[in-house]
Structure formats: structure tokens, C-alpha cells
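The values are calculated or read from the model by the stated rules, or taken from the named source; none is laboratory data. Everything quoted here is computed from the prediction, not taken from an experiment. Glycine also receives a Cβ, built like all others from the backbone with ideal geometry; neighbour counts cover every protein chain displayed.
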Amino acid sequence: MHFAPAKAALPGQADCAPPGNVSGSGRWRGVAYALHNAVTPLPQITAQAHTVPMTYASYLIAALATLAAAYLGLTQTLGAHPFWATQIAWIGIPIGLLAAWVLAGRSTLLRLTLFAALLIATATAAHFGKLEFAASFAENATAGKLWYFGWIGIAASATALVASLLQTAVSRQS
């Protein structure tokens, strides 16, 4: 292993070479360089480093809000089938969190508009899927899939929208 030669001796040392070593092999200089770098102070932590845990907290709060809505019966009240009213939350939350994470660097207006539009579109698809599925006496499998996947889309877009709203609130406070 080769270290770059030390530019200056450590404080209190005139030379890093052991006595009698006049060959200048550089080994002791490399050790001095490594010791010097080991005691160099770490860079200061800035206030921007505190926004990273808050971003993760916004993801956690968004996921918990979607789970709470599902387990408290809000999804079933709004039209999800009782059999899979909570299952759609477990499928939609990772999708929504991934979408919020991927688009986190984009503008706030773009993210909020996109997730709100997706929420409206998936809610419309789930509503009309349910109407058609019920009108066909559970014979139209395509309408049933539209109803089910529409609710997964609602959970995903609601999670992403809440996460983006919380990220926006956190970024405006700092």
C-alpha cells in the first residue's frame, strides 16, 4: 500500500523517519500522512441534513394515513368491496411511495397536479367499474378488474399526494 508523502511533519516532530533510516523509503511518511488524515475534523453538518429524515417521515405518515383509511372503513364506505377494502392499501402504498420518491426532485406544482389528476382518474375508473360490474350481476370480469385496480390506483395516488403535500410543507418550513 502506498500513501502520498506527508507535506508537513506532525506537530512536535521534526522528521517522521526513524533514527538511522536515511534511505527515505517513504513508509514512515505514509504512516504520518495516514495519522494526519485520521485526526482531521469531519465536515460540519448543515441544516439541510435535517430535511432527509423529515422526507422519510413524510413517506411514513402518508403510508400510515392510507392504512388508517383502509382499516377504519373509509375505503369500504367510499365503494371498495368489503373483501378487498384493506388489501388495496397494502398494494397501493408501495406504488404510491415509489412514485412520490421518483418525482421528489420535480417541481411541487407538477407533482401535486399529477397525483391529483391520477387520483381523480382512478376514482372515476373505480366508480364506473363498480357500476358496470354490479349491473352485469358479477359477470363482467373486465369491469370487476377496473373496479379493483381502480381502487389500487386510488390508494397509490392518495399516498403519493399526501407524501408530496407533506414534503412541500417540510421544504417550506426549512
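A few notes on this one:
- Residue among Ala155, Ala143 that alone is without any contact (Cβ under 8 Å) to a residue 24 or more places away in the chain, touching a Ser or Thr at 6+ places or on another chain (Cβ under 8 Å), part of a helix (DSSP H, G or I) and not hydroxyl-bearing (Ser, Thr, Tyr): Ala143
- Considering the conditions (1) surrounded by fewer than 20 Cβ atoms within 10 Å (Cβ to Cβ); (2) more than 23 Å from Thr86 (Cα to Cα), Thr142 is excluded by exactly one of them, (2).
- Selected residue [surrounded by fewer than 16 Cβ atoms within 10 Å (Cβ to Cβ), basic (Lys, Arg) and without any contact (Cβ under 8 Å) to a residue 60 or more places away in the chain] from Arg172, Arg111: Arg172
- Counting residues in segment 119-132 that are closer than 13 Å to Ser58 by Cβ and in contact with a helix residue (DSSP H, G or I) (Cβ under 8 Å, 6 or more places away or on another chain) gives zero.
- The single condition from (1) of a type in the set (A, V, I, L, M, F, W, C); (2) at pLDDT 95 or above; (3) more than 15 Å from the chain's Cα centre (by Cα) that Val162 fails is (3).
Conditions tested, residue by residue: (1) out of contact with any Lys or Arg (no Cβ under 8 Å at 6 or more places or on another chain); (2) β-branched (Val, Ile, Thr); (3) under 14 Å from Gly96 (Cβ atoms).
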residue: Leu118; (1), (2), (3): yes, no, yes
residue: Thr124; (1), (2), (3): yes, yes, no
residue: Leu131; (1), (2), (3): yes, no, no
residue: Ala134; (1), (2), (3): yes, no, no
residue: Asn140; (1), (2), (3): yes, no, no
residue: Leu146; (1), (2), (3): yes, no, no
residue: Trp151; (1), (2), (3): yes, no, yes
residue: Ile154; (1), (2), (3): yes, yes, yes
residue: Thr159; (1), (2), (3): yes, yes, yes
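- Any hit, segment 87-94, residues being surrounded by fewer than 20 Cβ atoms within 10 Å (Cβ to Cβ), among the hydrophobic types (A, V, I, L, M, F, W, C) and at pLDDT 95 or above: yes
- Single unsatisfied condition, Ala134 versus (1) touching a residue at least 24 places away in the same chain (Cβ under 8 Å); (2) assigned to a helix (DSSP H, G or I); (3) not polar (S, T, N, Q): (1)
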